[in-house]
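Written out below as structure tokens is the structure these notes cover.
The values are calculated or read from the model by the stated rules, or taken from the named source; none is laboratory data. None of these values were measured; they are calculated from a predicted model. Cβ sites come from the backbone with ideal geometry, for glycine too, and all protein chains shown count toward neighbours.
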Amino acid sequence: MSTILKVENLIKYYKTGEAVVKAVDNTNLEIIRGEFTVIVGRSGSGKSTLLHLIGGLDRPDSGRVIMDGQDIFSMKEDQLARLRRNKIGFIFQDYNLIPSLTVWENVVLPLGLDKKKVRKDKIMEILSKIGMEDRKDARPDTLSGGQKQRTAIARALAASPAIILADEPTGNLDSKTELEVMSLLKKCVNEFGQTLVMITHDETIAQMADKVIYIEDGKVVTVS
Amino acid sequence: MDRKSNKKIAVYIVIVCFMIGIIGSGITLLMERTDAVYDRQQTELTILHPELEQEITENIQYYHDNMKRILLQSYIAVLLLFLSFVSLCLLLQRHRQKQIRKELSMELQQLAEQMEQLRNKEKLLLPLEYGYRSSGMYEPELNRLTEALFELTAFFLAQNEKIEAEEKNTKALITDISHQLKTPLASLKLSHDLVQEDKITQKQRCEFLEQEEAEIDKLEFLLNELMKLSRLENHMIQIKPVKTSIVETITEAVNQVIMKACSKSITIQVEKETDYMADHDSKWTAEAISNLLDNAIKYSGTGTTIIIRIQKLTTHLLLEVEDEGIGISDTELHKIFQRFYRGEQAAKLVKEGTGIGLYLTRRILEEQGGTITAKAKLKSGSIFRITLPL
């Protein structure tokens with residue numbers, strides 16, 4: 001069992017007026033390759049900040065995030081951006097789809113940024129797996145919440161990243177759609193041998209995980 | 001020299017021949033023209049000055065020869081210039097090719113080194129640069145090769161990890177199983193020792209023997225469960241999902257527990273609109289569902305109802321098993337699917353129970369791309385939700 005991602009003494013404080021918010025307070029954790037890890041915490045516990053730091057979307061005050069043996073914050077900005085596009089897939093609560101593009105265009109967009117050749121058969125395979133192949137020319141505003149999130153999943157899978165970071169992906173969905181999206185995500189990640197890290201405050205999702213990390217006030221409380 | 005450059009050389013030769021032809025014919029044409037001009041001048045001058053005919057002929061002849069020589073010289077000069085230009089081009093081409101070959105061999109060497117690293121189970125160290133690009137004319141092919149190597153490495157590493165994880169899992173399983181077997185074995189041994197005592201009465205002896213029998217039954221049941229578990233864990237049981245009717249599978253599962261339900265007068269209701277075909281292994285999925293039903297019956301009072309609902313989502317099928325039993329506390333919700341975990345309340349209520357059932361159910365479902373989650377109901381009872389891929 002090898003570690004794909006290691007977080008060492010990570011610290012990120014925010015100043016709001018006089019008070020200092022300790023969003024991430026000396027956090028240490030390890031993510032095992034191929035495992036489904038869930039980070040559970042109440043809103044305001046700093047879990048989103050932690051995920052943003054893990055994904056290199058934000059820089060910490062101190063501490064290291066080591067992905068595949070590389071300290072990601074020692075990289076130059078453009079190197080980090082390339083690592084993000086090649087190794088990490090992001091899924092957000094509010095989908096972050098571009099409204100003027102179709103489902104297909106949204107899915108292949110990150111590949112275009114890297115000037116990678118789009119392998120049409122592979123994208124079609126992903127789209128059919130998530131049940132969106134007949135809606136590939138639809139625009140996001142005509143889709144339901146579940147369909148939007150499934151599109152976002154396809155977009156995260158398209159570049160075949162090693163690790164997928166999901167920030168409350170089912171936060172805006174009803175419980176049945178939530179189950180469906182979770183089943184899909186789990187199935188795809190298993191099939192492609194990827195690592196999934198998800199943030200949630202939902203205990204139901206935690207039941208599906210291989211590992212649950214509880215976070216409170218920016219600190220890891222328990223791991224089970 | 002490969003075929004590509006041979007072709008290029010042939011093209012050069014054709015161009016050279018063509019140019020020589022054009023320049024040659026141009027110069028011949030020019031010569032013919034000047035010949036005609038000189039002839040006409042000679043004739044005109046001879047007519048004007050017939051007495052100087054001899055001189056004129058000589059002069060014209062001199063100019064004529066001179067002209068011819070100059071033309072020939074310039075022809076050769078142009079030809080030489082052209083030839084040298086072409087050979088320069090060829091030389092440059094050669095040089096470039098050599099460079100490309102050098103680069104190519106370097107890249108191939110790099111690939112070879114990477115493969116060696118792969119064999120030594122190291123991580124790929126060389127191209128840490130993301131979006132690694134090679135230069136030269138073989139760029140697409142080389143990139144494909146590099147990409148394939150990376151995929152191969154990832155696959156290889158994943159396989160390696162899987163094997164290690166399985167080994168670790170097997171070890172943990174053996175420890176867990178021996179731990180589980182110890183308790184009933186110890187109590188069996190105790191009652192066996194007691195039976196052999198001389199001082200006890202016949203009635204007591206009968207009691208102990210009965211207890212022994214109960215322990216043996218328990219051991220047998222436990223062993224059966226453990227067998228299933230270990231065979232599933234070690235992939236000795238092949239779960240093969242095929243498109244089959246979900247209602248048939250549910251009926252099969254209900255049939256397995258219907259006697260137990262009747263004895264506690266619990267009704268099992270199946271709510272469905274239509275039948276669906278889902279990707280699942282009928283035999284093992286029935287086992288998983290009957291495990292759930294078995295639990296629901298065990299932890300529910302007499303006269304209650306168990307409801308099974310079937311619903312279609314876009315890519316998955318959703319099955320809900322709802323009971324009116326003791327429910328599950330929030331703190332235990334994510335533990336109940338762990339191996340050998342028994343709920344506190346559940347353990348108090350029902351003595352026999354191994355903590356295998358729900359774990360087995362989860363394994364069976366996840367093996368075929370499904371999931372299972374549990375939720376406590378507001379009043380009493382719990383809902384188990386299963387998804388299966390369509």
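Here are the numbers for the structure shown:
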read-out: Count of the range A:197-210 residues which are β-branched (Val, Ile, Thr), touching a residue at least 60 places away in the same chain (Cβ under 8 Å) and within 10 Å of chain B (Cβ to nearest Cβ); value: 1
read-out: Test: residue B:162 is part of a helix (DSSP H, G or I), of a type outside the set (Phe, Trp, Tyr) and surrounded by fewer than 12 Cβ atoms within 10 Å (Cβ to Cβ); value: no
read-out: Looking only at the range A:67-92, and only at residues there that are among the small types (Gly, Ala, Ser) and either under 15 Å from residue A:112 (Cα atoms) or within 19 Å of the chain's Cα centre (by Cα) (or both), the one that is farthest from the other protein chains (Cβ to nearest Cβ); value: A:89
read-out: Flag if residue B:113 is free of Cβ contacts under 8 Å to residues at least 60 places away in the same chain, farther than 30 Å from residue B:147 by Cβ, among the charged types (D, E, K, R) and assigned to a helix (DSSP H, G or I); value: no
read-out: Flag if residue B:290 is away from chain A (no Cβ under 14 Å), buried (at least 18 other Cβ atoms within 10 Å of the Cβ), out of contact with any Leu (no Cβ under 9 Å at 6 or more places or on another chain) and in a loop (DSSP other than H, G, I, E, B); value: no
read-out: Breaking point among (1) buried (at least 24 other Cβ atoms within 10 Å of the Cβ); (2) touching a strand residue (DSSP E or B) at 6+ places or on another chain (Cβ under 7 Å), for residue A:194; value: (1)
read-out: Residue A:80, sole failed condition from (1) modelled with pLDDT of 90 or more; (2) of a type outside the set (D, E, K, R); (3) in a helix (DSSP H, G or I); value: (1)
read-out: Selection from the range A:211-224 of residues that are more than 10 Å from chain B (Cβ to nearest Cβ) and touching a residue at least 60 places away in the same chain (Cβ under 8 Å); value: A:211, A:213, A:214, A:215, A:216, A:217, A:218, A:219, A:220, A:223
read-out: Search result, residues across the range A:58-77 that are in a loop (DSSP other than H, G, I, E, B) and under 24 Å from residue A:209 (Cα atoms); value: A:68
read-out: Subset of the range A:178-196 [over 21 Å from residue B:156 (Cα atoms), more than 7 Å from chain B (Cβ to nearest Cβ) and touching a Gly at 6+ places or on another chain (Cβ under 8 Å)]; value: A:181
read-out: Matching entry among B:333, B:319, B:313 (being crowded, with 17+ Cβ neighbours inside 10 Å, modelled with pLDDT of 90 or more and assigned by TED's automatic domain parsing to the domain that holds residue B:260); value: B:319
read-out: Subset of the range A:14-48 [without any contact (Cβ under 8 Å) to a residue 60 or more places away in the chain and surrounded by 14 or more Cβ atoms within 10 Å (Cβ to Cβ)]; value: A:21, A:30
read-out: Test: residue A:109 is touching a residue at least 12 places away in the same chain (Cβ under 8 Å) and surrounded by fewer than 20 Cβ atoms within 10 Å (Cβ to Cβ); value: yes
read-out: Residue among A:148, A:129 that alone is within 13 Å of chain B (Cβ to nearest Cβ), modelled with pLDDT of 90 or more and closer than 22 Å to residue A:85 by Cβ; value: A:148
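Per-residue answers, yes or no, for (1) away from chain A (no Cβ under 14 Å); (2) part of a strand (DSSP E or B):
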| position | (1), (2) |
| --- | --- |
| B:243 | yes, yes |
| B:258 | yes, no |
| B:262 | yes, no |
| B:268 | yes, yes |
| B:296 | yes, no |
| B:303 | yes, no |
| B:308 | yes, yes |
| B:324 | yes, no |
| B:331 | no, no |
